[in-house]
1. Only Cα pairs within less than 10 Å get springs; with that Gaussian network setup on the chain, which residue of Pro38, Pro204, Pro175 has the largest fluctuation?
2. Starting from the Cα of Ser260, step 7 Å along the direction of its Cβ; do the same at Ser14; then give the gap between the two resulting points in nm.
3. Using a Förster radius of 25 Å, what is the FRET efficiency between Ala6 and Asp151 based on their Cβ-Cβ separation? Nearest 0.05, please.
4. At 7 Å along Cα-to-Cβ for each site, give me the label-to-label distance between Phe211 and His177 in nm.
5. Over the chain, what is the relative contact order in whole percent, taking alpha-carbon pairs under 8 Å and six or more residues apart?
6. Taking the Cβ of Ile87 as the centre, find all other residues whose Cβ is under 12 Å away and add up their charges (Lys, Arg: +1; Asp, Glu: -1).
7. What is the gain in length, in nm to one decimal, between Glu193 and Arg236 on full extension, counting 0.36 nm per residue of separation less the C-alpha to C-alpha distance?
8. Can you give the angle from 0 to 90° between the axis of helix 178-190 and the longest principal axis of the chain, with both taken from C-alpha atoms, to the nearest 10?
Amino acid sequence: MKLVEAFLRHLEVSRASSPHTIAAYAQDLKAFAAYLAPQQIPLERATHLHIRGFLGVEAVTLAPTSRARRLAGIKSFYRFLSRRKIIEVSPARRVKTPRLPQRLPRAVPVDEAFALMEAPDDAQLLGLRDAAMLEVLYAGGLRVSELCGLDLEHLDQRGKTVRVLGKGNKERIVPLHDGALEVLRDWLARRGELLVKPGKKQAPTAMFLNFRGGRLTTRSVERHLKRYVAELGVQRKVTPHSLRHSFATHLLAGGADIRSIQELLGHASLSTTQRYTAVSFEQLQSVYDQAHPRA
């Protein structure tokens, strides 16, 4: 498995891939190697037929999206071997990625988004933290991992922006509106109360802290949001990523152009952002009714 280890190091050092991506690709290659083992075929000698056979076996237990991710990891590995001249041609080139049905992002209606922002009890310390947490998520369209990775130094109060470290360690500057900044300032004025009692896992530089003074985790954010959704009696499923989708959808409905939204979301490809255009059909229908001479 030395080739796999070299590939994973390449992802970490040269590609600056996220730990989640590296772990997923490692799991994909481990599963493929286990499939080849009874046939005594090393990874570097596998053919496109072996890859197709592996994906066929995986179809019994894995959903199409999971199999597509498996194939993405395998394709990336063989591209690495080909570029290093370890193999002549990638066998994965002859295996096509299946076309997957595109799921439209589930946006939260504006009134429900506003209700969620106001749900935490900001008279309580942790409620104030949650209010600031939700405001920043929705105001900046952040990924939940980006929110949890924020440090105090990332906030520019005078410039009304926050510096976000996104996928592939790419930085972007995200503006925050005055309402979000006001709640965030109130939280920052009191966050030190969670650091009074010293602890081993405290994170004094983190913007958002748990009750022990450690850095807030993505699971904690998801759990707190789920609780507020339940308290409000909202029937739809709402996740931190739903607020990111809502951020983009509501900006689009408000007249923002797709390129600006792409920059704010930190999408590398415009095609990723363009999925949000399908969400605002009501706006499109309204424009059509007003503009078409026969409408």
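Throughout, read-outs are computed from the coordinates displayed, never taken from laboratory work. Everything numeric in this text was worked out from a predicted model, so none of it was measured. We place every Cβ from the backbone using ideal geometry, glycine too, and count neighbours over all the protein chains shown.
1. Per the Cα network of the chain with a 10 Å cutoff, Pro38 tops the list.
2. Placing both labels 7 Å beyond Cα along the Cβ direction yields 4.0 nm.
3. Details: r = 33 Å, r/R0 = 1.31.
About 0.15, to the nearest 0.05.
4. 3.2
5. Numbers: 329 pairs, mean separation 48.2, N = 295.
Once divided by the residue count of the chain, the mean separation gives 16 percent.
6. +4
7. Values: separation 43, 0.36 × 43 = 15.48 nm, distance 3.50 nm.
Extending this stretch completely gives an extra 12.0 nm.
8. 90
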